[in-house]
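Inspection log for the structure reproduced underneath, given as C-alpha cells.
Bear in mind that the values in this text are calculations on the coordinates, not laboratory data. From a predicted model like this one, the values you see are computed outputs, not experimental measurements. No Cβ is skipped: glycine too gets one built from the backbone with ideal geometry, and neighbour counts run over all protein chains shown.
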Amino acid sequence: MAASIARTKGERGAISITACNSGRVFAQRIIDALNEIVHPHPRSKELRLIESEEVYFANGEIKTVIRENIRGDDHYIVQSVDDPLSHRSINDNLMALLTAVNAAFQSDADSITVVVPQFPYSRQERKKTREGITAKQIASFLEVSGANRVITLDVHAEAIMGFFNKATMEDLHASQTIIDHFRSTYKTDNLVISSADVGGAEKARYYSKAMQADLAIVDKARDYSKASVVESMRLVGSVRDKDVLIPDDMISTGGTIVNAAKLLKDEGARDIYVCCSLPFFNDQAEEKLSQAYQEGYIAKIIGTDAVHHGSDFLRNNPWYDEISIAPLFAKVIYHINTKKSVSELLL
C-alpha cells in the first residue's frame, strides 16, 4: 500500500509514486527528499516507489502495468524522456509515459500528476512553415491519457502552459538551486553574469540581479552585405579580469556555449563557468565540452540531475558538476498534496 500523511477533511488522497523505467533514478531521489519532509509527522510512514512494470512487445508496442492498488490516491508518475543511460528513444519513453498515465487512470487514482522534468518536443511550440505544433500535441496526449497536472522544469517556451485545456502545468525553475550551490562552492566576489546569446539575456539578467553581479551579453550578428551570410559575435559589457557565469536553460550540442566562452576569453575573462537546468549533451557535445575544458575555455559546467548521466560520466568528465533538483520537485509535490501554496516555490 502507498504510504500516506494523516488526512483531514478536504485534503487530497494519499501520495503514491510510480516511475517509468527511465524515470526510476529521479523518482527515487524525489521519494528520498519527500521522506525527509514528511518523516517528522507523527502519523506518517515512509513513502516508497509503487511497483509497476513497463512491458515491451516484439512488434515494439509498449504497455505499463501497475502492480499495487492506487485507487483514490494523489498519484505521481515520474519519467525522464531523454535518458542518456537508456537505449530507448525519446518516443519510446514518451509512449511508456502515456501508457503509465492511462494505467493510473484505469486504476481509479483520485488525481494523476505527470512529473516530467524534460518536457518532450518543447522546442516545437510554434510553426514557421508547413509543420505541426508538436508541443501542443504532447499536451493533448497527456490530457487524453488522463493527466490532471504536469510538473516540468524550465520549459523551453512558457506558452506551452497555454496548450493544456484541462490539466494544470507547473513550470519549476532550477535557478535558485543553482545559485545556492554556486555561492557555496565557487568564488563570487569577482563575478560577471553573461548570456551565451541574446535569447538568454532574460535569464542572465535574473542571475545578475539575484547574485548582485554585473551583466554582459553575447550578441550574434549577421553580415548581410556579403554574398554569403557570415555570423559574427560581439560582447556588450566588460568581462576583463573577471570570472564569468553563463546561465542557460539547456545545453544540447554545446556549440553556442563553446563559442561564447571563446569570445569571453578573447575579451579578457578569467575562469568561465556554465550552468544549465537541462544538460542534454546531445550529439558530440561531451567531446566538444571536454576539449573546451582542456583548452582552458571552460572551468566547470554545473547541471542538474533532471538529465541523469550516471556515475561513469561524472568520473570521466571532471568539468561537470551535477546537483540534484529532486528536492524542489519533492517540495512542490508536498505542497500540492497538502494544499499549500506552490507559487512561492516557482520563483
ask   = Can you flag which of LYS128/LYS209; LYS187/LYS265; LYS187/LYS340; LYS203/LYS340 are past 29 Å Cα-Cα?
value = LYS128/LYS209; LYS187/LYS340
remark   = With Cα coordinates, the longest principal axis of the chain makes an angle with the long axis of helix 175-185, in degrees rounded to 10, of 60 degrees
query = Taking Cα pairs under 8 Å and at least six residues apart, what relative contact order does the range 87-220 come out at, in percent?
reply = 18 percent
key: Correct option for percent of Cα pairs over 25 Å apart [calculated from the coordinates] among (1) 60; (2) 56; (3) 51   = (2)
query = Taking only Cα atoms, what is the 0 to 90° angle, nearest 10, from helix 24-38's long axis to the longest principal axis of the chain?
reply = 70 degrees
ask   = How long are the three semi-axes of the equivalent ellipsoid for the range 176-323, computed from the Cα gyration tensor as the root of 5 times each eigenvalue, in whole Å, largest first?
value = 24, 19, 14
note = The rounded separation in angstrom of the Cα centers of the range 82-119 and the range 282-340 is 21 Å
Most mobile listed residue (HIS75, HIS309, HIS181) in the chain, GNM with C-alpha springs under 10 Å = HIS181
task = Sum -39500 (n - 2.57) across every DSSP H segment of at least 4 residues in the chain, then divide by the residue count to get the 222 nm mean residue ellipticity, nearest 500.
result = -9500 deg cm²/dmol
By average C-beta atoms within 10 angstrom, highest first, the peptides 272-283, 188-199, 310-321 = 272-283, 188-199, 310-321
request  = Take every Cα pair under 8 Å in the range 166-289 that's 6+ residues apart, average their separations, divide by the length, and report that relative contact order as a whole percent.
outcome  = 24 percent
request  = Just need the relative contact order of the chain here, percent rounded to a whole number, with Cα pairs under 8 Å and 6+ apart.
outcome  = 14 percent
ask   = How big is the antiparallel share of DSSP beta bridges in the chain, given as a percent to the nearest 5?
value = 25 percent
message = Quick check for me: using +1 on Lys/Arg Cβ and -1 on Asp/Glu Cβ, what's the dipole size of the chain about its Cα centre, in debye to the nearest 20?
response = 680 debye
